[in-house]
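Here the structure comes first, spelled out in C-alpha cells, and everything after it is commentary.
The values are calculated or read from the model by the stated rules, or taken from the named source; none is laboratory data. Keep in mind it's a predicted model, so treat the numbers as computed, not measured. Every residue, glycine as well, gets a Cβ built from its backbone with ideal geometry; the counts of neighbours run over all protein chains shown. Calculation scope for accessible area: heavy atoms of the full protein, side chains included, ligands and nucleic acids excluded. Shrake-Rupley method; radii C 1.70, N 1.55, O 1.52, S 1.80 Å.
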Amino acid sequence: MERCRDEGQRLLDAGEPLLAYDTLADGLKAFPGDVTLRQLLALALARSRASDAAVPILHDLLAQGHVDEETLGLLGSVYKDLPVHAGSSPERERHLQSALEYYSKAYELPGHGFWSGINAATTALLLGRRGQAEALARAVRDQVRSAQHADPSLAADYWHVATLAEAWLKRRLEGLEGGGRE
C-alpha cells in the first residue's frame with residue numbers, strides 16, 4: 001500500500017497523472033478502502049483534466065466521514081476546474097460556489113494549512129466577493145508570516161513565498177478595483 005502511494009505521488013510530482021492513475025488504480029484493487037490512495041486517484045484524475053470523474057470519489061470519502069483538509073481541498077480544486085467546461089453562466093457560478101464552500105470548510109478546520117485559505121480567497125475573487133477575498137488573503141498572509149517568524153527557513157520555501165505573493169496580489173487588486181491606494 002505504501003509503495004503504491006509513494007509511486008503514485010512520485011508520478012504526480014513528475015507531471016505524469018495518467019501513469020499515476022494507473023498505479024493508484026492498481027493499488028486500490030489490493031487496498032480498496034485506503035483513503036490516501038483514493039485522494040491521490042482523485043488528484044490524478046483532476047490533473048488529467050477529468051475533474052468531473054474525481055467528484056464522486058471525493059464525495060464518497062466525505063460520506064464515509066473523511067472530512068479533512070485534503071479531501072475538502074481536493075473537492076474545492078475540482079469544482080474550481082469545472083467552470084471551464086460549464087455550458088452556462090449559472091452552471092459556472094454553481095461550480096465556483098461549490099469550490100468556495102469546500103475550500104472554506106477546509107480552511108476552517110483545526111490545524112488547517114494555508115493552501116486551502118488562499119484558494120478560497122482566489123475563488124471568492126472569481127465570484128466577485130471582494131471583501132471575502134481580501135479578508136481571506138489577509139488571514140492567510142498573517143498565517144504564513146507567523147509560520148515564517150517561528151521558522152525563518154520557511155521564508156525560502158517556494159509555497160510560502162508563492163502564497164504570500166498571491167495574498168499580496170489579491171489585496172493589491174482589491175485596492176485598485178476599489179479605488180484605494182496602498
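Among the candidates Arg5, Arg92, Arg49, single out the residue that is of a type outside the set (A, V, I, L, M, F, W, C) and out of contact with any helix residue (DSSP H, G or I) (no Cβ under 6 Å at 6 or more places or on another chain).
Arg49
So is Arg38 surrounded by fewer than 19 Cβ atoms within 10 Å (Cβ to Cβ), among the basic types (Lys, Arg) and in contact with a helix residue (DSSP H, G or I) (Cβ under 9 Å, 6 or more places away or on another chain) or not?
Working: surrounded by fewer than 19 Cβ atoms within 10 Å (Cβ to Cβ): no; among the basic types (Lys, Arg): yes; in contact with a helix residue (DSSP H, G or I) (Cβ under 9 Å, 6 or more places away or on another chain): yes.
It is false that Arg38 is surrounded by fewer than 19 Cβ atoms within 10 Å (Cβ to Cβ), among the basic types (Lys, Arg) and in contact with a helix residue (DSSP H, G or I) (Cβ under 9 Å, 6 or more places away or on another chain).
Which one of the conditions (1) at pLDDT below 90; (2) buried (at least 20 other Cβ atoms within 10 Å of the Cβ) does Ser51 fail to meet, given that it meets all the rest?
Status for Ser51: all satisfied but (1).
Name the residues in the range 121-151 that are open to solvent by less than 50 Å² (accessible area, probe 1.4 Å) and within 14 Å of Leu96 (Cβ to Cβ), would you?
Matches in the range 121-151: Ala121, Thr122, Thr123, Ala124, Leu125, Leu127, Gly128, Ala133.
Find the residue count for the range 44-79, including only residues that are within 12 Å of the chain's Cα centre (by Cα) and either hydroxyl-bearing (Ser, Thr, Tyr) or on the phi > 0 side of the Ramachandran plot (or both).
3
Just name the residue that is most open to solvent (accessible area, probe 1.4 Å) out of those in the range 16-35 that are among the aliphatic types (A, V, I, L, M) and over 21 Å from Gly65 (Cα atoms).
Within the range 16-35, the match that is most open to solvent (accessible area, probe 1.4 Å) is Leu18.
What residue, among those in the range 3-15 that are assigned to a helix (DSSP H, G or I) and exposed (fewer than 11 other Cβ atoms within 10 Å of the Cβ), is farthest from the chain's Cα centre (by Cα)?
We begin by selecting, within the range 3-15, every residue assigned to a helix (DSSP H, G or I); these are 3-13.
Within this subset, residues satisfying the condition of being exposed (fewer than 11 other Cβ atoms within 10 Å of the Cβ) are 3, 13.
On the way: Arg3: 24, Asp13: 16 Å.
Top of the filtered list is Arg3.
From the set of residues in the range 68-91 that are of a type in the set (Val, Ile, Thr) and either surrounded by 13 or more Cβ atoms within 10 Å (Cβ to Cβ) or touching a Gly at 6+ places or on another chain (Cβ under 7 Å) (or both), which is nearest to Ser116 (Cα to Cα)?
The initial filter retains those residues of the range 68-91 that are of a type in the set (Val, Ile, Thr), namely 71, 78, 84.
Adding the requirement that they be either surrounded by 13 or more Cβ atoms within 10 Å (Cβ to Cβ) or touching a Gly at 6+ places or on another chain (Cβ under 7 Å) (or both) leaves 71, 78.
On the way: Thr71: 11, Val78: 13 Å.
Looking at residues that are of a type in the set (Val, Ile, Thr) and either surrounded by 13 or more Cβ atoms within 10 Å (Cβ to Cβ) or touching a Gly at 6+ places or on another chain (Cβ under 7 Å) (or both), I get Thr71.
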